[in-house]
Amino acid sequence: MFPLEDAEMGAFTFFASALPHDVCGSNGLPLTPNSIKILGRFQILKTITHPRLCQYVDISRGKHERLVVVAEHCERSLEDLLRERKPVRYPSYLAPEVIAQGIFKTTDHMPSKKPLPSGPKSDVWSLGIILFELCVGRKLFQSLDISERLKFLLTLDCVDDTLIVLAEEHGCLDIIKELPETVIDLLKKCLTFHPSKRRTPSELMKDKVFSEVSPLYTPFTKPTSLFSSSLRCADLTLPEDISQLCKDINNDYLSERSIEEVYYLWCLAGGDLEKELVNKEIIRSKPPICTLPNFLFEDGESFGQGRDRSSLLDDTTVTLSLCQLRNRLKDVGGEAFYPLLEDDQSNLPHSNSNNELSAAATLPLIIREKDTEYQLNRIILFDRLLKAYPYKKNQIWKEARIDIPPLLRGLTWAALLGVEGAIHAKYDAIDKDTPIPTDRQIEVDIPRCHQYDELLSSPEGHAKFRRVLKAWVVSHPDLVYWQGLDSLCAPFLYLNFNNEALAYACMSAFIPKYLYNFFLKDNSHVIQEYLTVFSQMIAFHDPELSNHLNEIGFIPDLYAIPWFLTMFTHVFPLHKIFHLWDTLLLGNSSFPFCIGVAILQQLRDRLLANGFNECILLFSDLPEIDIERCVRESINLFCWTPKSATYRQHAQPPKPTSDSSGVRSSAPYFSAECPDPPKTDLSRESIPLNDLKSEVSPRISAEDLIDLCELTMTGHFKTPTKKTKSSKPKLLVVDIRNSEDFIRGHISGSINIPFSAAFTAEGELTQGPYTAMLQNFKGKVIVIVGHVAKHTAEFAAHLVKMKYPRICILDGGINKIKPTGLLTVPSPQI
């Protein structure tokens, strides 16, 4: 959108025609209210941008089918130029074919085939009427009422020269005859009665009358979109006189922001559309008792109820005052509107109230999203970073870890997913019209997908859903449509309602990263492996809960499939998904496991107190989940989880790295630089699914163990040493081999508890020299090491039964470590 500059924002309201309450569509569902239909169709108007057109900004739906439209508003109008004070009589400007069409009323919820007379040629007629009024200096049809005007316009079909008849009717034939021939010719081309013979706008632009005017105007080129193969800087030009530019700098920084941003901030600062309209008496309320009918029959039919005059169309535009917003932002300095992207000293731009901003950054997310000044700074910063995408991708990641401004969430998600290239050309090339077998299922699923949302429940929303889902199915012939894909599409479509190509591109990038092979025709092996790893994650982080759920037979297969197949979009409303995915997109493909465990932990007390039947009932209607707490705890769980503990054979293969040194990245777990690690000789090996299911605790790789033990190798691969750090040990290694094998070589810092004598017959831990140390490490990561996989799995399972959290097994056992030269051999005693 263009900057606000010296324009203002205005609002006007109207009512959509109400539908009968007792009528349903052919599918048995209530009819979609006309206001929701308008809401969906209105969205495309927001994409129409031109320097000489007022910009539509927003539309909101109120009670009783009321709609309020917000648009760029200029106080000076064509009427001001004509020095008249009356409102524009819109019917006078309608083309004859639009009038002849009349009012179309639908009786079903399905889109109906109907003629569409309105279009560019209809606008050409309207232009002709406006030009006529400008030439003669008066308005047309002032002496006729609306019905007579419409009748007169329709009778023009019978005349030879529309222009002459209009001039004679209004007594201005002499004025018309004095006009230049080029102007008369243009008026005749515009006021041609039959649309088929009327010129199009592009044809009119070639008319002689424009030959002298056109060179005076620089042709408007729509800015290149963010995700395009074209150069975004191709049309950038610098002013010839830089010094003059400095003199023209406007200190009204807010007016340099886009109209969309200003309106968003206006709402945050307490702006209320309905209140503004009530203050100007555009909306008038009546006491409910005054709206009752005089007679009411048993069947609900009423009589004697006068029509409320306030429900009639009033085309008055109310100017929205920006005083409250400007007052709220009065302490924001000019430098806040132009942050330095290379300054890493602060996450927030400097301003006169920078201390307040820093304090705001520590507040709960829901409060930050309502803070006007904070959101202004975040919007400006993200806007600049996104314009520099992909070159500023790392900085986008960094700032997204703090929070993502809701206004720019759609574009930010696309950047986090790495969307690039000519996405529109790719989307347009996909055949979305030819019928395919999944069409029927898509049609069934869409009317059930997040239909509480007005935008997604509109017919326009359904049509966009259909196209995006079908584009994904057609463009992925190796995958199939599974129920739940519609829910997965919903967040992307909502955020990019006017950009289907970007919604499709985001969805296409999201699925391979987090749901690789989930949509195979036979996905049972993928799902089963995923649920098994999730079960191990529950045991790893909350052994008590894991023990209880396993005892009552409440396994993840019964509740978690819709969670992961839809990445929680099937169980949470959109506003919670936005906050959840803001964080999800910063983690790798294992982060959803942590979200699942965090959800269970919020329900922990109720789950532990109930049996199988009660748990089934509990999950049939999931209780309220605190999403901010869920996100916070998910991050904590993710940071405690070794990278390889969530290894899956069927996960997306890691992308090759440019680092050929073989040294593993030491990037923090929760960061942009934390992709799924590439496979090495020390990585985890795939094991059969049945073997994976038999193990309660997860395995970790040898390279994870080396990282967590902070071991380094000497030049000649002798005794390894630990990195010198002041922090306490991150984990304890428990070697369960017999003492003889342990003495021959073991991991530095490990303790030896031989498996054969570790537990009593009752399953309790045998008291020994290292029992106290094991107890002291309860709550930290404990790695079980041996050379028999069955023994390490049993040892780990015993500890889980004893409610030891964060228990894991070294994949490949001690033999995986031997080739590294990292085993310690005790010095011989003298």
Exercise. Output the peptides 696-703, 475-482, 643-650, 181-188 sorted from most to least packed, where packing is the average of other Cβ atoms within 10 Å over each peptide's residues.
Key: 696-703, 643-650, 181-188, 475-482
Quiz item: Can you give the charge dipole size of the chain about its Cα centre, rounded to the nearest 20 debye, using +1 on the beta carbon of Lys and Arg and -1 on the beta carbon of Asp and Glu?
Solution: 1680 debye
Quiz item: Using a simple spin-label model with points 7 Å from Cα along the Cα→Cβ vector, what separation in nm is obtained for GLU5 and ASP314?
Solution: 3.2 nm
Quiz item: Which one of THR32, PHE497, ALA167 has its Cα pushed farthest toward the positive end of the charge dipole of the chain, where Lys and Arg give +1 and Asp and Glu give -1 at the Cβ?
Solution: PHE497
Practice problem: Can you check what the net charge comes to around GLU460, using other residues whose Cβ is under 10 Å from the Cβ of GLU460 (Lys, Arg +1; Asp, Glu -1)? | Solution: +3
Quiz item: According to a simple spin-label model (label point 7 Å from Cα along Cα-to-Cβ), what is the distance in nm between ILE99 and GLN142?
Solution: 1.9 nm
Quiz item: Between Rg and the Kirkwood Rh of segment 523-641, both from Cα atoms, what is the Rg to Rh ratio?
Solution: 0.93
Quiz prompt | Relative contact order of segment 523-641, defined on C-alpha pairs under 8 angstrom at six or more residues apart (%) | solution = 30 percent
Quiz item: Given the pairs LYS37/LYS387; LYS643/LYS790; LYS470/LYS513; LYS37/LYS189; LYS521/LYS576, which are separated by over 28 angstrom at their Cα positions?
Solution: LYS37/LYS387; LYS37/LYS189; LYS521/LYS576
Quiz prompt | Interchain or long-range residues, amide H under 5 Å from GLN652's placed H | solution = TYR516
Quiz item: Label THR291 and ALA422 with points 7 Å out from Cα along Cα→Cβ: what is the distance between them in nm?
Solution: 5.5 nm
Exercise. Enter the angle in degrees (range 0 to 90, nearest 10) between the Cα long axis of helix 500-514 and the first principal axis of the Cα atoms of the chain, meaning the one along which they spread out most.
Key: 10 degrees
Quiz item: Can you pull the accessible area of TRP640 for me, 1.4 Å probe, Å² to the nearest 10?
Solution: 80 Å²
Quiz item: Extension gain GLU443-GLU281, at 0.36 nm per residue separation less the Cα-Cα distance, in nm?
Solution: 53.9 nm
Quiz item: In what sequence, highest mean first, do 37-43, 561-567 appear when ranked by Cβ atoms within 10 angstrom?
Solution: 561-567, 37-43
Quiz item: Of the listed peptides 435-442, 126-133, what is their order by residue-averaged count of other C-beta atoms within 10 Å, with the highest listed first?
Solution: 126-133, 435-442
Quiz prompt | Angle in degrees between helix 543-552 and the longest Cα principal axis of the chain, rounded to the nearest 10 | solution = 80 degrees
Practice problem: Return one number: the angle in degrees, 0 to 90 and rounded to the nearest 10, between the long axis of the Cα atoms of helix 459-475 and the longest principal axis of the Cα atoms of the chain. | Solution: 50 degrees
Quiz item: Per residue of the chain, what 222 nm ellipticity follows from adding -39500 (n - 2.57) for every DSSP H run with n ≥ 4, rounded to the nearest 500?
Solution: -11000 deg cm²/dmol
Quiz item: How far, in nm, would the chain grow between MET205 and CYS74 when pulled straight, counting 0.36 nm per residue and subtracting the alpha carbon separation?
Solution: 44.6 nm
Quiz item: So for HIS64, HIS424, what's the accessible-area order with a 1.4 Å probe, most first?
Solution: HIS64, HIS424
Practice problem: Apply 1/(1 + (r/R0)^6) to the Cβ-Cβ distance of LEU340 and ARG604, taking R0 = 30 Å, and write down the FRET efficiency to the nearest 0.05. | Solution: 0.05
Quiz item: For the chain, what percent of Cα pairs sit more than 50 Å apart?
Solution: 35 percent
Quiz item: Can you put ASP383, ASP522 in order of accessible area, largest first, using a 1.4 Å probe?
Solution: ASP522, ASP383
Self-check item: Charge-dipole axis of segment 523-641 as Lys and Arg at +1 and Asp and Glu at -1 on Cβ define it, positive-most pick from ASN613, ASN550, HIS579
Solution: HIS579
Exercise. For THR32, enumerate residues with amide H under 5 Å from its amide H, sequence gap 5+ or separate chain, H modeled in the peptide plane.
Key: none
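The values are calculated or read from the model by the stated rules, or taken from the named source; none is laboratory data. Small disclaimer: the values here were computed from a predicted structure and weren't measured. As a convention, Cβ positions derive from the backbone with ideal geometry for all residues, glycine included, and neighbour counts pool all protein chains shown. Quick note on the areas: whole protein, heavy atoms, side chains included, nothing else; ligands and nucleic acids left out. Shrake-Rupley method; radii C 1.70, N 1.55, O 1.52, S 1.80 Å.
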